[in-house]
Structure formats: structure tokens, C-alpha cells
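Enquirer: First the structure, which I've put down as C-alpha cells, then a few questions once you've had a look.
The values are calculated or read from the model by the stated rules, or taken from the named source; none is laboratory data. Remember, it's a predicted structure, so these values are computed and weren't measured experimentally. No Cβ is skipped: glycine too gets one built from the backbone with ideal geometry, and neighbour counts run over all protein chains shown.
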Amino acid sequence: MKRPGGDEPNEGDTVSTVSTHILDTALGRPAAGVPVRLERVADGGTLLAEAVTGEDGRVAEFGPAGLAPGTYRVVFDTGVYFARAGQRAFYPEVAISFLVEVAGGHYHVPLVLSPFGYATYRGS
């Protein structure tokens, strides 16, 4: 995970509050190499973190160690992923907004993806 400003996490940092996982249902495998960013929706979308999914389609440590109550957004750059594969796709970007009602929880925001559709759910 890369934090804005280029800071890398330090050993002993608290585990991230947000994680994600992308499955490409058209290919039946994880979607590797997808750029992902985490934003706070207030103030027009403040960037909190940027990452790229690994070979397993996951970003396990994403964003700050804790999130204050509010609305956040995970944005997946699916256009880059599909273009790299030479695949035409309808959604160049997928943005999933979610609500943090109480600080201190973990939020897993998965994406089930195909070139012409997507779905999400609250993961664990």
C-alpha cells in the first residue's frame, strides 16, 4: 500500500481498517493489477490511500489504521485492467461508497467484476 505523499507503512503499524478483493467472474480468477484508491467523500473526495491489487486480487492493508465516522469511497480503475487484457468493457471505473457509523471496525469492500457488470457486498 502506498499512502499519499509516498509514505510506506512502518513495521508495527496498526492493521488497516479497509481491505478489498476483486474477482473477475468472466475469467474465473482474481483481478490482479487493478489500481484502487480510498477517498473520504466529505470535501469533494479527499485521497486517503492508493494501492494496486496483488496476484490474489487483494489489497489487504489499505488506508489509515482507523476511519472516523463518515462516508468513504473505494474507486477501482477497471478501465486499466480491461485495456491491459485487450478487453472491451462498459465500466471504465467502479466507485463504491460506504458508511462508517462507528470508528474502530473493519470494512472489507469486495468487487465481483465482469466487462459489462459488477456487484459488491459487505465482506468480512
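Enquirer: Does segment 6-23 contain at least one residue that is in contact with a Ser or Thr (Cβ under 7 Å, 6 or more places away or on another chain) and either over 26 Å from G117 (Cβ atoms) or modelled with pLDDT of 95 or more (or both)? Spell out the reasoning first.
Expert: Our first condition is that a residue be in contact with a Ser or Thr (Cβ under 7 Å, 6 or more places away or on another chain); within segment 6-23, this holds for 22.
With the extra rule that they be either over 26 Å from G117 (Cβ atoms) or modelled with pLDDT of 95 or more (or both), the set shrinks to 22.
The answer is yes; a qualifying residue exists.
Enquirer: Filter segment 99-124 down to the residues that are of a type in the set (A, V, I, L, M, F, W, C), under 15 Å from the mean Cα position of the chain (by Cα) and loosely packed, with under 15 Cβ neighbours inside 10 Å, then identify the one that is farthest from G54 (Cα to Cα).
Expert: Applying the filter and picking the extreme gives L99.
Enquirer: Looking at segment 106-121 only, could you name the residues that are out of contact with any helix residue (DSSP H, G or I) (no Cβ under 9 Å at 6 or more places or on another chain), within 19 Å of R58 (Cβ to Cβ) and not β-branched (V, I, T)?
Expert: Initially, segment 106-121 is screened for residues out of contact with any helix residue (DSSP H, G or I) (no Cβ under 9 Å at 6 or more places or on another chain), giving 106-110, 112, 114, 116-117, 119-121.
Checking the rest, the ones that are also within 19 Å of R58 (Cβ to Cβ) come to 106-110, 112, 114, 119-121.
H106, Y107, H108, P110, S114, A119, Y121 - these are the residues of segment 106-121 that are out of contact with any helix residue (DSSP H, G or I) (no Cβ under 9 Å at 6 or more places or on another chain), within 19 Å of R58 (Cβ to Cβ) and not β-branched (V, I, T).
Enquirer: Kindly establish whether A95 is at pLDDT below 95 and loosely packed, with under 15 Cβ neighbours inside 10 Å. Step through it out loud before you land on a result.
Expert: On the way: at pLDDT below 95: no; loosely packed, with under 15 Cβ neighbours inside 10 Å: yes.
The answer is no for A95.
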